[in-house]
Amino acid sequence: MTAKSAAAATLATVYGYPRQGGGRELKKAIEGYWKGAVSADALLATAADLRLENWSRLAGAGVQEVPTGDFSLYDHVLDTTVAVGAIPPRHRAAVEADPLDGYFAMARGTQDVAPLEMTKWFDTNYHYLVPELGPDTVFTANSAKAVAELREALDLGHSARPVLVGPVTYLLLAKPAPGVPEDFQPLTLLDRLLPVYAALLADLHEAGAAWVQLDEPALVQDRTPAELNATARAYRDLGALTDRPKLLVASYFDRLGAALPVLARAPIDGLALDFTGPAAANLGDLAAAGGLPGKRLVAGVVDGRNIWINDLEKSLSTLATLLGLAGTVDVAPSCSLLHVPLDAAAERDLDPQIARWLAFARQKANEVALLARGLREGTGAITAELAANRADLASRANSPITRDPAVRARTAAVTEADARRAQAYPERAEAQRTRLGLPLLPTTTIGSFPQTSELRVARADLTAGRIDSAAYRERIRTEVREVIAFQEKAGLDVLVHGEPERNDMVQYFAEQLTGYLATRHGWVQSYGTRYVRPPVLAGDISRPHPMTVDWFRYAQDLTDRPVKGMLTGPVTMLAWSFVRDDQPLADTAFQVALALRDEVTDLEAAGAVVVQVDEPALRETLPLRSADRPAYLDWATVAFRLATSGVRVDTQIHTHMCYAEFGAIMTAIDELDADVISLEAARSHMEVAGELAAAGYPREVGPGVWDIHSPRVPSADEAVELLRAGLAAIPAERLWVNPDCGLKTRGWTETRASLESLVTAARRLRDDLAG
Ligand code: GLN
Ligand code: ZN
């Protein structure tokens with residue numbers, strides 16, 4: 001097939017679209033249903049209206065093939081679990097009694113039955129419900145949702161392509177069900193699962209699907225030869241089916257690497273590849289694999305995860321190269337548009353010039369449609385649009401927001417020495433011990449205290465103008481006074497002010513840093529009905545004024561015990577924001593780090609003896625491919641040290657991380673060079689203390705002894721037992737006593753009781769150690 005005839009067939013498509021609706025209708029309907037205020041019929045009608053609206057918007061924008069089945073009342077992986085009949089035994093009765101309530105029970109649990117575990121969808125901030133499988137799992141096909149949604153779209157006259165999570169990714173995302181040995185590999189169930197996919201495909205075919213998309217993002221991660229063989233087998237078997245639609249296997253979030261030739265050789269009809277960022281390596285890999293002669297290539301050239309306009313000319317040139325490599329080339333965003341907000345046009349508060357740099361889901365749909373038209377009709381057909389795009393890109397590149405010479409000069413002048421404490425750890429430890437004078441096994445907390453409804457009301461009152469900022473500050477002061485008084489009474493050694501003034505640990509800083517933008521309607525699904533509004537790292541970052549010093553000073557003046565200064569680290573600031581696409585992440589991280597460094601210096605000058613810089617996102621931001629990890633961990637640790645190394649020898653730097661699996665980043669944790677690190681450990685019975693000790697970690701550690709994810713109050717005996725386990729790995733001189741994480745989601749009742757247990761446990765062990 002010649003390039004010209006390939007170009008003639010080019011379509012625009014997308015893999016998925018934001019679910020919630022412009023007015024967050026879905027969230028309201030689902031939460032209303034949970035409260036009993038919205039009927040099941042009304043909820044389902046709202047959902048159907050939203051699907052209809054999404055498809056007509058897409059079609060109206062010029063997207064010729066719309067996705068179906070990407071819509072979900074909670075999560076598309078949970079939908080797949082339902083479609084393959086892998087309902088955990090503990091939820092079966094509820095699902096049989098009422099599929100909708102049973103579905104939500106799997107997602108959220110009930111009084112008596114635990115939900116499925118939830119975890120991050122690859123390296124996005126979306127969370128899916130983890131399938132629970134075991135050797136006894138029996139799969140059965142349930143195509144009801146997939147078929148119904150396809151029919152809806154077809155009945156409306158759309159050309160539609162159902163999207164399902166592919167069988168290999170589904171199994172690779174699963175974990176052993178409760179009671180099944182830990183080493184059980186769900187992928188061993190592939191032969192049992194494939195006939196179920198065959199049945200789903202047959203049902204969709206019969207319902208009128210010409211194509212079905214099977215999403216296999218797990219193949220962009222490092223995969224073993226056995227996993228690649230399983231992939232080859234899966235698509236050989238599915239490809240060999242006679243009663244099936246054409247198969248499009250979609251990959252996104254990174255390059256396919258070794259899986260690319262496997263899929264290129266498989267008897268499937270098309271492949272969707274990501275060509276953005278590091279995934280651009282797919283281009284050379286595809287050529288090396290001999291391309292996809294006679295097949296369909298869907299080219300993800302518009303970044304589906306950031307919120308910036310596309311460089312249309314660059315995309316057109318990528319697409320032109322691809323035309324020679326496949327039978328047909330279609331244009332798409334790199335992944336589902338689930339990961340971006342709905343509509344940049346809703347951001348009416350933004351400077352109109354800046355608003356023109358932004359592309360949310362609606363704008364990205366326009367971009368892929370335009371690119372497809374350029375390919376079909378020639379760039380002459382889209383000259384005006386290309387000129388406008390060029391102008392917008394130039395306005396962004398040359399804007400003083402994007403390039404602040406002072407910030408650039410400062411980052412350029414950073415030296416290796418700026419990112420190192422002036423003294424080695426032993427000297428610091430000695431100086432800090434003398435200055436702080438803490439007992440053995442010092443007690444502290446991670447930062448936040450319960451975010452009570454009074455605090456939320458105060459913030460809402462301030463936003464709505466019902467109270468002024470002086471009144472708001474007074475309410476926060478009252479809270480700080482109570483938090484400090486409680487900690488003194490409870491006998492904690494290193495206090496916190498409780499973070500009552502912070503709506504969110506990233507947003508609070510983003511609002512005060514120059515170069516960050518806030519959106520009004522930029523909601524993105526985090527999980528279920530929880531949506532977040534990540535701030536936008538739009539330009540060069542600087543700190544016009546101190547951000548936390550007044551609150552620190554207020555708290556420290558109330559007590560003679562040390563109060564921790566409390567900041568969010570550079571990696572976490574990036575991880576929970578939309579990042580720039582016009583410079584390396586490391587450059588942005590260093591700019592944020594320098595702003596934080598000034599804050600640390602100001603806190604120190606205001607009397608802070610301990611400053612904690614939280615990096616809960618350090619591990620979750622780890623690149624999907626292990627080959628990319630060393631470079632990431634390198635800039636991430638430099639950024640942290642840049643933020644924290646400008647302090648005196650006797651100022652103690654703490655850091656905090658939340659997750660339980662640290663193995664992959666043990667070296668990086670050491671390279672942060674923090675004097676004290678607190679981490680989650682209660683559930684795994686202090687396992688991490690042993691891992692740190694085994695890795696020769698030389699500094700102080702606070703493995704959490706209270707699992708704050710549950711309202712359960714640990715007894716002092718329990719805490720003693722956990723601390724004994726900790727002491728088996730870490731000497732008493734280097735062990736801290738603290739909860740797993742911040743307390744903002746906890747209530748005051750369990751907070752009081754639990755912290756009293758912790759203090760009692762520490763005292764008991766101190767006596768033991770003394771005696
Ligand atoms: N200092 C923060 C808090 O206590 C840390 C939160 C986190 O680790 N996610 O809330
Ligand atoms: Zn935490």
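Read the figures in this text as sums done on the coordinates, not as results from a lab. Worth saying up front: this structure is predicted, and the values here are computed from it rather than measured. FYI the Cβ positions are ideal-geometry reconstructions off the backbone, even for glycines, and counts take in every protein chain you see.
Average projection, convex hull of the Cα set of region 674-763: 5.4 square nanometres.
Under the 0.36 nm per residue contour assumption, what length would be gained going from the current alpha-carbon distance of ALA114 and ARG752 to full extension?
Details: separation 638, 0.36 × 638 = 229.68 nm, distance 2.63 nm.
This chain segment gains 227.1 nm when fully extended.
Residues within the reach of a label modelled at ALA606 (point 7 angstrom out along Cα to beta-carbon, backbone nitrogen below 18 Å), restricted to region 501-522, are 501-514. If the segment from THR242 to ARG763 were pulled out straight at 0.36 nm per residue, it would be longer than the present Cα-Cα gap by 180.4 nm.
The long axis of helix 585-605 is offset from the longest Cα principal axis of the chain by roughly 20 degrees. A Förster radius of 45 Å combined with the Cβ-Cβ distance from ALA412 to GLU454 puts the calculated FRET efficiency at roughly 0.45.
State to the nearest 20 debye the size of the charge dipole of region 286-347 about its Cα centre, where the only charges are +1 on K and R beta carbons and -1 on D and E beta carbons. Mind dumping the intermediate values first?
Values: 4 positive and 6 negative charges, 73 e Å.
In debye, rounded to 20, region 286-347 gives about 360.
Assign one of three labels to region 641-685, namely rounded, prolate or oblate, based on the Cα gyration tensor with a ≥ b ≥ c the square roots of its eigenvalues; rounded applies when a/c is under 1.5, prolate when it is not and a/b is larger than b/c, and oblate otherwise. Prolate shape, in that a/c is at least 1.5 and a/b is the bigger ratio.
In straight Cα distance, which aspartates and glutamates are under 20 Å from LYS314, not counting same-chain residues fewer than 8 positions off? Leaving aside aspartates and glutamates fewer than 8 places away in the same chain, those within reach of LYS314 are ASP254, ASP274, ASP285, ASP303, ASP330, GLU367, GLU377, GLU385, ASP392, ASP581, ASP582.
Helical runs assigned H by DSSP (4 residues or longer) give the chain a calculated mean residue ellipticity at 222 nm of -13500 deg cm²/dmol, each run adding -39500 (n - 2.57) before division by the residue total. Using the Cβ-Cβ distance between TYR425 and GLU313 with R0 set to 45 Å, the FRET efficiency from 1/(1 + (r/R0)^6) comes to roughly 0.30.
Restricting everything to alpha-carbon atoms, can you work out Rg to Rh for region 1-86 with a Kirkwood hydrodynamic radius? Don't skip to the end; give the middle numbers.
On the way: Rg = 16.9 Å, Rh = 14.9 Å.
Using only Cα positions, Rg/Rh for region 1-86 is 1.13.
Straight-distance candidates among the lysines for linking to LYS489, with alpha-carbon spacing under 23 Å and chain neighbours fewer than 8 residues away dropped: LYS564, LYS744.
Anisotropy class assigned to region 655-710 is prolate, per the alpha carbon gyration tensor with a/c at or over the 1.5 cut-off and a/b larger than b/c. Magnitude of the charge dipole for region 113-181, about its Cα centre and with charges confined to Cβ atoms of Lys, Arg (+1) and Asp, Glu (-1), is about 100 debye.
For region 556-624, the Cβ-based charge dipole about the Cα centre amounts to some 180 debye (Lys, Arg positive; Asp, Glu negative; other atoms uncharged).
For region 25-101 versus region 369-392, the inter-centroid distance based on Cα atoms is 36 Å. Working note: Debye formula, equal point scatterers on the alpha-carbon atoms of the chain, no solvent; log10 I(q)/I(0) at q = 0.05, 0.07, 0.08 Å⁻¹ is -0.27, -0.54, -0.71. Please figure out what share of the DSSP beta bridges in the chain is antiparallel and state it in percent, rounded to the nearest 5. Around 15 percent antiparallel, to the nearest 5. From the alpha carbon centroid of region 506-549 to that of region 218-268 is 38 Å. How tilted is helix 629-644 with respect to the longest principal axis of the chain? Cα atoms for both, answer in degrees (0 to 90, nearest 10). On a 0 to 90 degree scale, this one is about 40. Ordering 400-406, 696-702 by mean Cβ neighbour count within 10 Å, with the highest value first, yields 696-702, 400-406.
On a 0 to 90° scale, report how tilted helix 225-240 is relative to the longest principal axis of the chain, with both axes built from alpha carbons and the result rounded to the nearest 10. So the inclination is approximately 30 degrees. As a calculated quantity, the FRET efficiency between ALA470 and ALA280 at R0 = 60 Å, using C-beta atoms, amounts to about 0.70.
What full-extension length gain, to one decimal in nm, is calculated for ARG265 and VAL138 as 0.36 nm per residue of separation minus the Cα-Cα distance?
Numbers: separation 127, 0.36 × 127 = 45.72 nm, distance 3.04 nm.
Result: 42.7 nm gained on full extension.
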